[in-house]
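Contents: one structure, followed by commentary.
The values are calculated or read from the model by the stated rules, or taken from the named source; none is laboratory data. Note that this is a predicted model, so its numbers are computed, not measured. Cβ: placed from backbone, ideal geometry, glycine included. Neighbour counts: every protein chain shown. Heads up: the accessible areas ignore ligands, DNA and RNA and are worked out on the full protein's heavy atoms, side chains in. Shrake-Rupley method; radii C 1.70, N 1.55, O 1.52, S 1.80 Å.
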Protein chains: 2
Amino acid sequence: MEMRGLSDTDAITPAVPVWAESDPYPSLLEVVRHRRSVRKFEPGRRVPRETLTKIMEAGRWAPSGANAQHWDFICVDDDDTRVRVRDAFLRQGARLREGVEPFPAVNKSFLANTVAIILVLGDERFKSCFPQGVGAASDEYTANNENIFFCSLGAAIQNIQLATVACGLTSAWLSGGGEDQTADELREILHFPLSARPYGTIPIGYPARYPDSKWRRPLAQMIHWNGFAADQYRPQELIDHYVQDVRSFAMYRPFEHVEDWPDVDDRAGPFKAAYTGRVTNPAGALPDPEVARDERDRV
Amino acid sequence: MEMRGLSDTDAITPAVPVWAESDPYPSLLEVVRHRRSVRKFEPGRRVPRETLTKIMEAGRWAPSGANAQHWDFICVDDDDTRVRVRDAFLRQGARLREGVEPFPAVNKSFLANTVAIILVLGDERFKSCFPQGVGAASDEYTANNENIFFCSLGAAIQNIQLATVACGLTSAWLSGGGEDQTADELREILHFPLSARPYGTIPIGYPARYPDSKWRRPLAQMIHWNGFAADQYRPQELIDHYVQDVRSFAMYRPFEHVEDWPDVDDRAGPFKAAYTGRVTNPAGALPDPEVARDERDRV
């Protein structure tokens, strides 16, 4: 591969990229740590389209499978359209309370106070750009097309959220536009093609208050050096416990550390160590692969 | 929702978050724009684990559906394991050349020159944390669970890639670990559970050369204000043209703008305007929804 203006023999071996005048990591981590899901915005604020354009510019630079760039950004900043999009999400929330196992959804009326709502559309036709298996390998590659398709969208959504923070604004991340009914209702309002869906919707505004971080697993629990550490496996009982007893608090309480919850002993119960430390599986064994395979195939 | 140390009546309404001492956007955009897929690293380099830990710390702060944090990071930095992981990806590349429609894959022997390889595992059992439809809505929500699952992983992968750049290193993004055969071979080496797969693999190293950006669609082509602009629709013929005539160049040539390619007229052919400007669909009409629905259902 040849660089513009450089021959193949010009080796450039910077310790840091030549563009970095100073260490950009601390600033990046500040932005990354301050991306929050904010659900209460100051009403009546406005931002210029120049700011919204800067935010979407960051989304444009996300990586994508086969460089397909299979996204479009609909930016809603007029009052009438914003109200109609809000109403579609209010109906989505109502369906979520009725047609779904209990899920701790919040009321989405806060969408009325956004300065803008950015919908990140993904167009499924672009999966044809990714590796297509033939014969026996067909299913394998089709399944992985989903991975490539969505992870690329996730990168674009994340870039947009980070740029939002860097522009002094806050956001959230709504995934409900990926549901059939909500996608159809949003399509009525926003006229996007049938091959596309707003898999991620990012309401943007000035926070009415700047909330603290939500719970994060300790880093030591996530890192496995040179192989998976079996005592950092999260057993099924821990997942079930999370869904039943912890999820609604872990989603909304403004504490990075569960151990700062005043009722931590009640909430985390027998799994307190698993929510607060490195070890989530003190027995240190993974499920028998054959049993796990059976369970997986049952799903 | 209450903040630690602040009562509900303390309104904080900063124009920019209080942590931002100066405008962090330019630095963020520099990092975002310099994330590259680099496939040639300087051999024989090392980084301390402290640096790799800083990189994974950024991944930890990614958002996830229901705050499930359904990821783990396997960081490979020992020589023997690195070679075995490289070999698994060399076999994956060979299968890609044999069992897949022609795809412009590059040889992955460059993995040997990484300072580390971070594999981002996603564990599918955590989908149970996301909204689960009951009755008629079941399929709708199950399908959207895929969106939530993968987009969250994409955000974590993107954070890791951005932190890599901010630490003066470069990366790439391999999705092949999501394929059945490759996942099984990596599981043999790294011992992760059957419920998990390395959907994203991020080789990290010092670039042997720092390549320019690859092609990006013009921003004006991606942005739609308050509704989808039909003349920015990408027709099926344009997607087919991309796959057949442009993809292998758009993936690897170090030019942001297709118009800088010396052979742009040959490569982009009748679609040159669609690769270089706002308008991709001069006819300005979307496909008939009924026809599109038929086509979608055929897939």
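Residue-wise HN-Hα couplings along the range B:59-65, as the Karplus relation 6.51 cos²θ - 1.76 cosθ + 1.60 with θ = phi - 60° gives them from phi, are x, 4, 8, 5, x, 8, x Hz; Gly and Pro carry x.
Taking a ≥ b ≥ c as the square roots of the Cα gyration tensor eigenvalues, with a/c under 1.5 meaning rounded and otherwise prolate when a/b beats b/c, else oblate, which class fits the range A:24-205? Oblate, because a/c is 1.5 or more while a/b does not exceed b/c.
With the full set of protein chains in place, find how many percent of the accessible area of the range A:24-205 is carbon and sulfur; take the probe as 1.4 Å. Carbon-and-sulfur percentage of accessible area, whole number: 49.
Checking an interface number: how much accessible area is buried between B and A, summed over both chains, with a 1.4 Å probe, in Å² rounded to 100? Summing both sides, the interface buries roughly 13600 Å².
Couplings for the range B:88-105, taken from phi via the Karplus curve 6.51 cos²θ - 1.76 cosθ + 1.60 with θ = phi - 60°, read 4, 6, 5, 5, 4, x, 5, 5, 5, 6, 9, x, 9, 3, x, 9, x, 7 Hz in order; Gly and Pro are left as x. Between A:158, A:244, A:236, the residue with the greatest mean-square fluctuation in the GNM of chain A (Cα pairs under 10 Å linked by springs) is A:236.
Please enumerate, by chain and number, the lysines with C-alpha under 29 Å from the C-alpha of residue A:40, excluding those fewer than 8 residues away in the same chain. In chain and number order, the partners are A:54, A:108, A:214, B:127.
List the GluC sites (Glu not before Pro) within the range B:17-82 that fall in a DSSP loop (any state other than H, G, I, E or B) and whose Cβ has at most 15 other Cβ atoms within 10 Å.
Values: sites: B:21, B:30, B:50, B:57; in loops: B:21.
When the GluC sites (Glu not before Pro) of the range B:17-82 are filtered for loop state and at most 15 Cβ neighbours within 10 Å, B:21 remain.
Would you mind finding the longest exposed-site-free stretch of chain A, with exposed trypsin sites (Lys or Arg not before Pro) meaning DSSP loop and at most 13 other Cβ atoms within 10 Å?
My reading of the result: A:47-299 is the longest stretch.
Once both labels are modelled 7 Å past Cα along the beta-carbon direction, what's the residue B:236-residue A:138 spacing in nm? Spacing of the two 7 Å Cα→Cβ label points: 1.8 nm.
Taking amide H atoms as placed 1.01 Å from N in the peptide plane, the amide H of residue A:225 lies under 5 Å from those of B:75, each 5 or more residues away in sequence or on another chain. Classify the range A:101-221 from the C-alpha gyration tensor, please: rounded if a/c falls under 1.5, else prolate or oblate depending on whether a/b exceeds b/c. Because a/c hits 1.5 or more and a/b exceeds b/c, the range A:101-221 counts as prolate.
So what is Rg over Rh here for the range B:155-299, counting just Cα atoms and using Kirkwood for Rh? Rg/Rh: 1.05. When the Cα gyration tensor is reduced to axis lengths a ≥ b ≥ c, the ratio a/c is 1.5 or higher for the range A:234-284, and with a/b above b/c it is classed as prolate.
Shown for residue A:107: label points 7 Å from Cα along the beta-carbon vector, and their distances to the equivalent points in the other copies, 6.3 nm in ascending order. Sorted from shortest to longest, the distances between the residue B:180 label points of this copy and the other copies are 2.7 nm, with each point 7 Å from Cα along the line through the beta carbon.
For residue A:48, the shell of other residues with beta-carbons less than 11 Å away shows a net charge of +1, using +1 for Lys and Arg and -1 for Asp and Glu.
A 1.4 Å probe run over the protein chains yields, for the protein assembly as shown, 38 Å² of accessible area per residue, whole-number rounding. Remark on residue B:116: its backbone amide H falls under 5 Å from those of B:204, a criterion applied only to residues 5 or more positions apart or on other chains, H modelled at 1.01 Å from N.
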